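Structure, as structure tokens:
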Amino acid sequence: MQTWPVQHGPRLGGKSALITGAGSGIGKAIALLFAKEGAAVCIADVDGKAAGRTAAAIAASGGQAVAVRADVSKARDVGRMTRTCVKQFGGMDVLVCAAGVRGPTGALIDAAEADWDRVFSVNAKGMYLCAKHAIPEMRQRGGGAIVNIASVVGLVGSKMLGPYSASKGAAVLMSRTMALNHAKENIRVNCVCPGSTETPMLFGTFARQPTLEDRRVVRDRYVGYHPLGRLGKPREIANAVLFLASDEASFVTGVALPVDGGRTA
């Protein structure tokens, strides 16, 4: 009878990870979980103070972390954060691209050109730049794992989040393309597509409504998108990312995994 090895110890023990957008929301939840599972974590965020707070929380729990301020749309910043990770931890095994911006509400062609450029510079170009700098480091380690945070609206589209939806669709196809490009180098590339999740980005959408009743209506609408009848939690997204980053997913690459409460069912 065939037997299967039992997982013992931390699932990312001995590995180093660079996580963008880790100052808050989903990125922060991923960083905290990775550290709990034994990874040394480089915390990158455009808000340097927020990155520092995440790193401090990890250190207070006995983990290893370093914080760096970085705008992923700028090649110089991406190069610097990559060098910081490698210098601090001796290499890079995992990259998680969680940095993202929401952009304007409305139809795609109604977006201002500047808004379109900003959304794509962070949500799509940022992932490209991060991979461009991380993959050479992973080659030095004999392989690695990249997990990009896309969105459920990168799979099904959105009438009211035109540029954001388009940029997340790009993230899905970029992930699949890179999975094909780098499979023979033992570098796996996957993406997670969250549904509506309890993050500062989504709460900001609610807060922009003019009245408490409007906020309730909008929140109920978002909840109603999901057959499970609630919003997702950052830790639930982080759990999926942990699986894809770990050796448990060693035969998984090129996947766009919905974590969406059944929205795409």
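How many of the residues in the range 240-251 are exposed (fewer than 15 other Cβ atoms within 10 Å of the Cβ) and either touching a helix residue (DSSP H, G or I) at 6+ places or on another chain (Cβ under 7 Å) or not small (G, A, S) (or both)?
Narrowing the range 240-251 to residues exposed (fewer than 15 other Cβ atoms within 10 Å of the Cβ): 247-248, 250-251.
This time we only want the ones that are either touching a helix residue (DSSP H, G or I) at 6+ places or on another chain (Cβ under 7 Å) or not small (G, A, S) (or both), so: 247-248, 251.
Here the count works out to 3.
Restricting attention to the range 56-69, does a residue exist that is of a type in the set (V, I, T), in contact with a Lys or Arg (Cβ under 8 Å, 6 or more places away or on another chain) and closer than 20 Å to R235 by Cβ?
Pass one, the range 56-69, residues of a type in the set (V, I, T): 58, 66, 68.
So of that shortlist, the ones also in contact with a Lys or Arg (Cβ under 8 Å, 6 or more places away or on another chain) come out as 68.
The next check asks that each one be closer than 20 Å to R235 by Cβ; those that pass are none.
Within the range 56-69, none of the residues are of a type in the set (V, I, T), in contact with a Lys or Arg (Cβ under 8 Å, 6 or more places away or on another chain) and closer than 20 Å to R235 by Cβ.
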Residue check for R235: under 19 Å from G25 (Cα atoms), in contact (Cβ under 8 Å) with a residue 24 or more places away in the chain and either among the hydroxyl-bearing types (S, T, Y) or outside any helix (DSSP H, G or I) (or both): no
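Just to check your reading of the model, which residue among D45, D77 is of a type in the set (D, E), modelled with pLDDT of 95 or more and touching a Ser or Thr at 6+ places or on another chain (Cβ under 8 Å)?
Working: D77 fails: touching a Ser or Thr at 6+ places or on another chain (Cβ under 8 Å).
Going through D45, D77 in turn, the sole match is D45.
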Scan the range 95-118 and report the pairs whose first residue is within 24 Å of S24 (Cβ to Cβ) and whose second residue is part of a loop (DSSP other than H, G, I, E, B), with Cβ atoms within less than 6 Å and a gap of 6+ or a chain change. A98/G21; A99/G21; A99/V72; P104/A111; T105/M160; D115/G103; D115/P104
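Among the residues of the range 181-210 satisfying the criterion of being more than 20 Å from the chain's Cα centre (by Cα) and at pLDDT 95 or above, which is nearest to G154 (Cα to Cα)?
Taking the range 181-210 as the starting set, the residues that turn out to be more than 20 Å from the chain's Cα centre (by Cα) are 181, 183-186, 206-210.
Next, only the ones that are at pLDDT 95 or above stay: 181, 183-186.
Values: N181: 21, A183: 23, K184: 27, E185: 27, N186: 26 Å.
Looking at the filtered set, the residue picked out is N181.
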Within the group Y164, Y128, which residue is within 17 Å of L18 (Cα to Cα), among the aromatic types (F, W, Y), outside any strand (DSSP E or B) and at pLDDT 95 or above? Y128
May I ask you to list pairs of residues, at least six apart or on different chains, whose Cβ atoms are under 7 Å apart, with the first in the range 30-47 being in contact (Cβ under 8 Å) with a residue 40 or more places away in the chain and the second being of a type in the set (D, E) and surrounded by fewer than 24 Cβ atoms within 10 Å (Cβ to Cβ)? V46/D71
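Being surrounded by fewer than 13 Cβ atoms within 10 Å (Cβ to Cβ) and either more than 21 Å from Y128 (Cα to Cα) or within 15 Å of the chain's Cα centre (by Cα) (or both): is that true of P258 here?
Details: surrounded by fewer than 13 Cβ atoms within 10 Å (Cβ to Cβ): no; either more than 21 Å from Y128 (Cα to Cα) or within 15 Å of the chain's Cα centre (by Cα) (or both): yes.
No, not satisfied.
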Quickly run through the range 124-178 and pick out the residues that are touching a residue at least 60 places away in the same chain (Cβ under 8 Å), within 23 Å of F243 (Cα to Cα) and among the polar types (S, T, N, Q). S175
Search the range 142-185 for residues being over 16 Å from V96 (Cα atoms) and in contact with a Cys (Cβ under 7 Å, 6 or more places away or on another chain), and hand back the single one that is surrounded by the fewest Cβ atoms within 10 Å (Cβ to Cβ). L155
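The values are calculated or read from the model by the stated rules, or taken from the named source; none is laboratory data. Quantities reported herein were computed from a predicted structural model and do not represent experimental measurements. So basically every Cβ, Gly included, is an ideal-geometry build from the backbone, and we count neighbours across all protein chains shown.
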